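K.L.:
Here it is: the structure, laid out below.
The values are calculated or read from the model by the stated rules, or taken from the named source; none is laboratory data. In this text, all values refer to a predicted model and were calculated from it rather than measured experimentally. Methodologically, a virtual Cβ is constructed for each residue, glycine included, from the backbone with ideal geometry; neighbour enumeration extends over all protein chains shown. Accessible surface areas use protein heavy atoms only, side chains included; no ligands, DNA or RNA. Shrake-Rupley method; radii C 1.70, N 1.55, O 1.52, S 1.80 Å.
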Amino acid sequence: MKRLRLLESALAGAGAVWLVGSGNWPTAPAAADRDYVTAIAPSTLAQDLAGRFGGRAFVMDESRQYWRLVAPQLPMVDLAPVAGGDIGHDLSLRDFTMNAVAAYLPAHRPLLDPFLGLTDLRHGLVRQVSAQSLPADPLRVLRGLRLASEHGFVIESCTWSAMRTAAPGLQDVKPERIRMELLRALQGAGWIRAALACSDLDLWTHLPLVPVLAVDRQALECRLGNLARSAPAARSAAERIGGMRGLDHSRAGGLAVLAAVCLAGARDGDGARRMGEQLRFSAREIAALAGMVAGAADMGTDVIGPRRAYALVERYGAAAAWSAALAANSSFLDSVANLRLPDLSLIPDGRALAAAVGRPPGPWLGPVVDHLRRLVALGELDPERGPQEAVAWTEKARQRGAPSQRRE
């Protein structure tokens, strides 16, 4: 909080600067992102602040001169020029009334609220500033859904109609901008309502995707119901498997909702992968999404015992837990709970296994380790007996004449 006060003092000292948007909400936490508009060049201001606060500044939109500052112990800070050189005009161009508020720095007075946005905020109502708000930037359709999902807000009826009209414009929005608003909407507390609202607005067909994503709403509702019932068990199973590297539970949950969309839109794992690539998801997000979709199709509603459950874990990792939730496959989740997955870390490392077998480390170790992991996970081998089992298994393989077990 102290660093934020210092930042705002530095901003105020540079010239006329306003805090705009959700940073003015009474409920805004200190760690929430901050948006500022300034009468001086944002590029100069952002780079100067980066030097002062030990952070970095980079341009977000060259044509509109939107800059971002990222620095230690500060929220994410966005800087933009005052539209038209007048704060009143700037606020009239914003998306929703609750965001069309501004406070002058450093005292945060006067507080401008020309469209009664704080009243709408108290009533939890998402209302467009004007009839031009959504056509001006169709991404605002997704932003409205995200606000409703994250905060439990209701979208005002005229704004809902305007969102339906503006949704086709999403085809021309950069995928990088769509990605974050979409994921945040699908991982908010109102994720079911957000996903179904996207169908009601025919939004899925308007995403910049080839081929077009046509989603069966009834199938989507079924998948989302499965997910809602099994999400806690899926999170627990995913953690037991080892978690999804680089993705927290919230992001994994949002990707699972999008996996439900893919399944309801007849996308397989490869189709989900292409969708993630087109929307500029990270490599980890793409792998997780594709794994969830492929895993759900792979397991279906089959009764899955420990051996097949372990094979699915090996193939899809923690994504398999979310696949089971999407497929309503409780037998997989039950089997994972009984696997000795935590004991896998106790298996001796490759060097110890190679020393026990009496061979130098090499590609031959891969099948040996896979064999040991399977036995330990199924409770058929104590990890401490790994070296002895490695010796026995390689000897049997040698006797069978397996090419991978020949002396090097």
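K.L.:
Looking at region 110-147, which trypsin sites (Lys or Arg not before Pro) are in a loop (DSSP not H, G, I, E or B) and have at most 11 other Cβ atoms within 10 Å?
P.N.:
none
K.L.:
Something else: Share of region 290-384's accessible area from carbon and sulfur, percent, 1.4 Å?
P.N.:
After summing per-atom areas, the C and S share lands at 52 percent.
K.L.:
So for 87, 178, what's the accessible-area order with a 1.4 Å probe, most first?
P.N.:
87, 178
K.L.:
Grab the DSSP H runs of the chain that are 4 residues or longer, score each as -39,500 (n - 2.57), total them, divide by all residues and round the 222 nm result to the nearest 500 deg cm²/dmol.
P.N.:
The helix-only estimate for the chain comes to -16500 deg cm²/dmol at 222 nm.
K.L.:
Amide H to amide H, which residues 5 or more places from residue 17 or on other chains are under 5 Å from it, using H placed in the peptide plane?
P.N.:
105
K.L.:
Along the positive direction of the dipole of the chain (beta-carbon charges: Lys, Arg +1; Asp, Glu -1; about the Cα centre), which of 130, 335, 231 reaches farthest?
P.N.:
Going by the charge dipole, the pick is 335.
K.L.:
How far is helix 139-151 tilted off the main Cα axis of the chain, in degrees rounded to 10, range 0 to 90?
P.N.:
Approximately 70 degrees, to the nearest ten.
K.L.:
Moving on to the next point. Which whole-number value in Å² is the accessible area per residue of the chain, probe 1.4 Å?
P.N.:
Using a 1.4 Å probe on heavy atoms only, each residue of the chain averages 46 Å².
K.L.:
Shape of region 1-147 from its Cα gyration tensor (a ≥ b ≥ c, root eigenvalues): rounded if a/c is under 1.5, otherwise prolate when a/b > b/c, or oblate?
P.N.:
Here region 1-147 falls in the prolate category.
K.L.:
Per 20 Å bin from zero, what fraction in whole % of the C-alpha pairs of the chain is there, up to the bin with the longest pair?
P.N.:
Distribution as computed: 23, 43, 26, 8, 0 percent.
K.L.:
So which trypsin sites (Lys or Arg not before Pro) in region 246-321 are both in a DSSP loop and have at most 11 other Cβ atoms within 10 Å of their Cβ?
P.N.:
Sites meeting the loop and neighbour criteria: none at all.
K.L.:
Taking the Cα atoms only, what angle lies between the long axis of helix 191-200 and the longest principal axis of the chain, rounded to 10 degrees?
P.N.:
For 191-200 against the chain, the angle is about 70 degrees.
K.L.:
Turning to a different aspect of this structure: Taking Cα atoms, how many degrees apart are the long axis of helix 306-316 and the longest axis of the chain, rounded to 10 and kept between 0 and 90?
P.N.:
In the chain, helix 306-316 runs at an angle near 50 degrees to the longest axis.
K.L.:
Count the net charge of all other residues whose Cβ sits under 15 Å from the Cβ of residue 81, scoring Lys and Arg as +1 and Asp and Glu as -1.
P.N.:
Surrounding charge for residue 81 is -3.
K.L.:
Quantify, in whole percent, the carbon and sulfur part of the accessible surface of region 144-231 (1.4 Å probe; protein heavy atoms only).
P.N.:
54 percent
K.L.:
Let me ask another. Classify region 122-162 from the C-alpha gyration tensor, please: rounded if a/c falls under 1.5, else prolate or oblate depending on whether a/b exceeds b/c.
P.N.:
oblate
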